[in-house]
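S.K.: Quick one: the structure is below, questions incoming.
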């Protein structure tokens, strides 16, 4: 079983534990390109550390994309603040910000 699938299964079975939280943070950091404190990996027991290594290898090699997608859906459902706006929404927000900046510049 691949790493993303195993982590999702752990989430389904065991809910929350400190070691699972580290694995979830690692997956989010990899997908969303967020900072991750590597020292957290040193706190993992051997089996969870190996799972973290497998997750890194899978992510680096672009393996198991479907399983990664399902894991990310679950993680983002738990952390809605991390959701990125859709590209169309981001473009609209950028245009609005430019218009406001232009309006402010013209009024001065």
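Just so it is clear, none of the values below were taken in a lab; they were calculated from the coordinates. This structure is a prediction, so every number in the text was calculated from the model and none was measured. Glycine also receives a Cβ, built like all others from the backbone with ideal geometry; neighbour counts cover every protein chain displayed.
S.K.: Starting from the 7 Å offset along Cα-to-Cβ, what nm value, one decimal, do you get for the label separation of residue 41 and residue 82?
M.R.: Inter-label distance under the simple model: 1.7 nm.
S.K.: In addition: At residue 57 and residue 5, where each label point lies 7 Å from the Cα along Cα→Cβ, what is the point-to-point distance in nanometres?
M.R.: Inter-label distance under the simple model: 1.6 nm.
S.K.: Answer rounded, prolate or oblate for the range 1-50, using the Cα gyration tensor with square roots of eigenvalues a ≥ b ≥ c: rounded when a/c is under 1.5, else prolate when a/b is larger than b/c, else oblate.
M.R.: Values: a/c = 1.65, a/b = 1.22, b/c = 1.35.
Oblate shape, in that a/c is at least 1.5 and b/c is the bigger or equal ratio.
S.K.: At a 10 angstrom cut-off on C-beta neighbours, averaged per residue, how do the peptides 35-45, 21-31 rank from highest to lowest?
M.R.: Working: 35-45: 11.5, 21-31: 19.0.
Most protected by this proxy first, the peptides run 21-31, 35-45.
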